[in-house]
Amino acid sequence: LRIAVLASGRGSNLAALIAARDAGTLPVEFTLVASDKASAGALRLAEAAGIPTLALSPRSYPDRRAFDLDLFARIADSGAELLVLAGFMRIVDGAALEPWAGRIVNIHPSLLPKYRGLHTHRRALEAGDAEHGASVHFVTAELDGGPVIAQARISIESGDDEDTLAERLLPLEHRLLPAVIALIAAQRLALGPNGITLDGSPL
Ligand code: GRF
């Protein structure tokens, strides 16, 4: 399966995908790693792995949609069959998403539908939740609102803060995302007209 990855930050989830590919547990080819931040560590990781990279500056575009449409055109040109958002910190315009319905997934650090958007660890702590986690979901025009594929859970302990939650959650993210993409690469998991299917049957 040919995948492109979008990342805005350090790219620890990208690193996990590359490691799974190298370990032989994730049968994918990376066609492109792209970012809205030229300084993103994810781009350095991709370069080191010999993966083509692209950095586009939103400031070079007249509006958000123009940026998204150009970015997604470049992703399509790379030959990607699946697009993975892994720490991509922009809301993607619906027009750019349209051609990718069912072929774009995101990992979000909350137990969706709780805490869509930003600052999820802080919000879970402030709510006094007993549990927290991460979700891998298909991306739709609704921010962090697409069908959830799989989740990882951690308990919130007394004394936890945003950093300790992220520290405990990231290693689970790094197992969850490659496992979901492996199911998609094996054509076992897909987003059909009536929702997610696994081995041909609705989940
Ligand atoms: C992770 O918490 C991920 O869930 C969210 O962005 C954070 C950083 O990801 N999408 P990464 O280390 O840049 O992959």
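The values are calculated or read from the model by the stated rules, or taken from the named source; none is laboratory data. Owing to the predicted nature of the structure, the values given are computational and were not obtained by experimental measurement. Every residue, glycine as well, gets a Cβ built from its backbone with ideal geometry; the counts of neighbours run over all protein chains shown. These accessible areas exclude ligands, DNA and RNA; they are computed on the full protein's heavy atoms, side chains included. Shrake-Rupley method; radii C 1.70, N 1.55, O 1.52, S 1.80 Å.
Given the criteria among the β-branched types (Val, Ile, Thr), within 16 Å of the ligand (Cβ to nearest atom) and open to solvent by less than 30 Å² (accessible area, probe 1.4 Å), does Ile196 qualify?
The answer is no for Ile196.
Would you pick out the residues in region 52-90 that are within 16 Å of the ligand (Cβ to nearest atom), of a type outside the set (Ser, Thr, Tyr) and open to solvent by 30 Å² or more (accessible area, probe 1.4 Å)?
Once the filter is applied, which keeps residues that are within 16 Å of the ligand (Cβ to nearest atom), of a type outside the set (Ser, Thr, Tyr) and open to solvent by 30 Å² or more (accessible area, probe 1.4 Å), region 52-90 yields Ala55, Gly87, Met89, Arg90.
Do we find that Arg123 is under 19 Å from Gln151 (Cβ atoms) and in contact with a Phe, Trp or Tyr (Cβ under 9 Å, 6 or more places away or on another chain) in this structure? Walk me through how you get there before you give the answer.
On the way: under 19 Å from Gln151 (Cβ atoms): yes; in contact with a Phe, Trp or Tyr (Cβ under 9 Å, 6 or more places away or on another chain): yes.
Yes; evaluated as a whole, the condition is true for this residue.
From the list Asp144, Asp129, pick out the single residue that is part of a loop (DSSP other than H, G, I, E, B) and more than 21 Å from Met89 (Cβ to Cβ).
Result of the check over Asp144, Asp129: Asp129.
Of the residues that sit in region 91-132 and are touching a Leu at 6+ places or on another chain (Cβ under 8 Å) and on the phi > 0 side of the Ramachandran plot, which one is nearest to the ligand (Cβ to nearest atom)?
Gly117
When the residues of region 137-184 are narrowed to those that are acidic (Asp, Glu) and modelled with pLDDT under 95, which ends up surrounded by the most Cβ atoms within 10 Å (Cβ to Cβ)?
We begin by selecting, within region 137-184, every residue acidic (Asp, Glu); these are 142, 144, 157, 160-163, 167, 173.
Now drop any that are not modelled with pLDDT under 95, which leaves 142, 144.
On the way: Glu142: 10, Asp144: 21.
Looking at the filtered set, the residue picked out is Asp144.
Out of region 16-43, which residues are within 12 Å of the ligand (Cβ to nearest atom) and open to solvent by 40 Å² or more (accessible area, probe 1.4 Å)? Can you show your working first?
Taking region 16-43 and keeping what is within 12 Å of the ligand (Cβ to nearest atom), we get 16-18, 33, 35, 37, 40-43.
Selection gives Lys37 alone.
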